[in-house]
1. Provide the packing ranking of A:75-88, B:180-193, i.e. peptides ordered by the mean count of other C-beta atoms within 10 Å per residue, highest first.
2. Once fully extended, how much extra length lies between B:D303 and B:D85, figured as 0.36 nm per residue of separation less the alpha-carbon to alpha-carbon distance?
3. Could you list the GluC sites (Glu not before Pro) in region A:150-259 that lie in coil according to DSSP, counting only those with at most 11 other Cβ atoms within 10 Å of their Cβ?
4. In degrees between 0 and 90, to the nearest 10, how far off the longest principal axis of chain A does helix A:184-206 point, with axes built from Cα atoms?
5. Cα axis of helix B:12-23 to longest principal axis of chain B: angle in degrees, 0 to 90, nearest 10?
6. Which percent, to the nearest 5, of DSSP beta bridges fully inside chain A are antiparallel?
7. How large is Rg/Rh for region B:25-150, to two decimals, with Cα atoms and a Kirkwood Rh?
8. Taking R0 as 22 Å, what's the FRET efficiency between B:E179 and B:S209 from their Cβ-Cβ distance, rounded to 0.05?
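Every number in this text was worked out from the coordinates using simple rules, so none of it is lab data. What you see is a predicted model; the values in this text were computed from it and never measured. For neighbour counting, all protein chains shown are included, and Cβ atoms are generated from backbone atoms with ideal geometry for every residue, glycine included.
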Amino acid sequence: MRFWGGIDVGSLSADAVIIDEEGRLLGHAILPTGRDSREAGSRAYAGALEAAGLTPGDVVRVYSTGYSRARVREAEGAKTEIACHARGAHALYPDVGTIIDIGGQDSKAIQVGKGGRVLNFVMNDKCAAGTGRFLEVMAGALETPLDHLDELAAQSTETLTISSICTVFAESEVVSLISQGKKPADIAMAVSRAIARRTVGLATRVGVSGRVVMTGGVAKNRAVVDLLAEILGAPVDVPDEPQIVGALGAALFARDERG
Amino acid sequence: MYDPFHEVLSDVRGTILKQARALDRPVIGVMPAYFPLELVYASGGFPVQLWGNRLAPSRADAYLQSYCCSVARSAMELELAGGADMVRGYAFTSLCDTLVNLREVYRRVVDKPTVELSIPVTQTAEARRNYLSSGLDKVNRGLQEMAGGRMTPESLAEASELYGRVRALQRRLYALRLERAGLVSNLDFYAVLKAGSFLGPEYYAKLLSDLLEKLDSMDPPEDSGPRLLLSGLVYDPLELHRILDRLGVRVVQDDFANGWRTVSKETLAVENLVEGVARYLFGPAPCCCLYNPENDRHDYLVDHARKAGADGVLFWYLKFCEPDAFDRPQLMKRLTDEGIPSSVVELELSMQNFDAIGTRLSAFCEMLEG
Ligand SMILES: Nc1ncnc2c1ncn2[C@@H]1O[C@H](COP(=O)(O)OP(=O)(O)O)[C@@H](O)[C@H]1O
Ligand code: SF4
């Protein structure tokens, strides 16, 4: 058997996967990136190997992607997150037309054509608004763990609005809503809606068509995904593990390279 | 081979001072864009083109709104910080609202003379001439007062010949880049162009012809990355060309206001100066800042990209440049309709971190390479 690896070192998480000849996922790992992105990539890769029950010697080739793709020690090749998310999402959903990827510090909308080819893309990488970082700051202000934010939002009964786009100003809006005695559930919902609205703006710029798939860490937040589907007026699919789609794409590129 | 040009850029101030001394002419700062340098030179001045710099704004913020582009902002910063002390006066065109306002701010804040060449916004060539004939004399008088020389038919003819020669040489460099894509790196190419902003025309023409002579016998490397056409106001920041080089991108043509839009201009006809300046301003390349119903930017850009055999068009957008931003969505749509992929990067002259833009550019390249 031959195996291939993909390592996605983003600003917040380092994700790695191991696949086989058929592109089947054998193991993965997700770790915080921390200060040393090179180390984080290696650790994630070791984690994925362990999960797959393999050793580095079993792997034919590794590709990297993500913000720190050039710094990954194990990688023989690199591709951008855009190409890798498209490739990975296409492998999971062959009829995907639009990908929305919201990571830690950026968000992207990608239009995908046949074979997972990128037709067009837009990126927001200039501002934390509408990114995972935004959610983290708001979860902090609400003193709620990030992965509980959507459960909290599910209990919302009153519609509140966060009007600031800027993360810093939005945080003070949240703080002021808390001090006005507004329910945390309603605030959590308002925060999710703020992200969803920003994201729809991004997606509309690239044009939404075909099946919509959401990737990246923020896709783990059900509230954001549901709101996104509601505003777009189209269902939004989320892979079982949205955070490793980029790494999966990288592994597929590694597999497709001849030799 | 490119050292003389890079050296100019690593010491712009020293270069300008040295050139001004050698030419024995006062330095006149020429603001973007399309001010015929010939007029400045014929009035006895040494025109230096100021297309902004990498200074981070601080003092200029006291006078300019936050939605002012970094070209205008950094030019003013340079002046206020004392970096333009050798500039005796400024020549503006009414290129965009920002520059029109900037000149007004200069008139109040900066103790140096200025002139403004008003670019006509009219329907016909005749109306354009009428409009220019009323303002050109005043501009020329202002230039002569500033530079302290006299504009004569002879001085005009000399200036026209010199700058016409410079642009003709630059066009040869453009042609060479197109024919032998990859021969000149993107960084070197734009360094060569940019160096000309700070050099006397004769000296620069000599450097250019020496370079062209060397390049003539050289072959480009084997085919590599995608062929791009770049479109925007200003080809800075040069750092971005380094990234394009690293990605193996071969820029084969451009549509920059200080690139091809200026370089393509024919020798200024000086026998009938009004007619000559009118033709200089409006031909041959269209611009987002020039109103010319007879020269459609959409058709032009498609044609320009096709002729260059470009795989894609990259819009090089300087944040807050309104005229450029206004045209872009339609231009991009037209390119898409014509099957020419395009993308956009948003820039500021003083930017320091290019990581995110690097990702955007490589994703665009991956897209082009399919
Ligand atoms: N359970 C969760 N619920 C909501 N958001 C999450 C969850 N887990 C992670 N995230 C968000 O995902 C972001 C990281 O996403 P990821 O795609 O890994 O980013 P990157 O690739 O940029 O490092 C974090 O900023 C965080 O806000
Ligand atoms: S970049 Fe745009 S807004 Fe700025 S001076 Fe040039 S034309 Fe005017």
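1. A:75-88, B:180-193
2. Length gained, B:D303 through B:D85: 74.1 nm.
3. Those satisfying the criteria are A:E158.
4. 60 degrees
5. 50 degrees
6. Counting DSSP beta bridges with both partners in chain A, the antiparallel share is about 60 percent.
7. 0.98
8. 0.80
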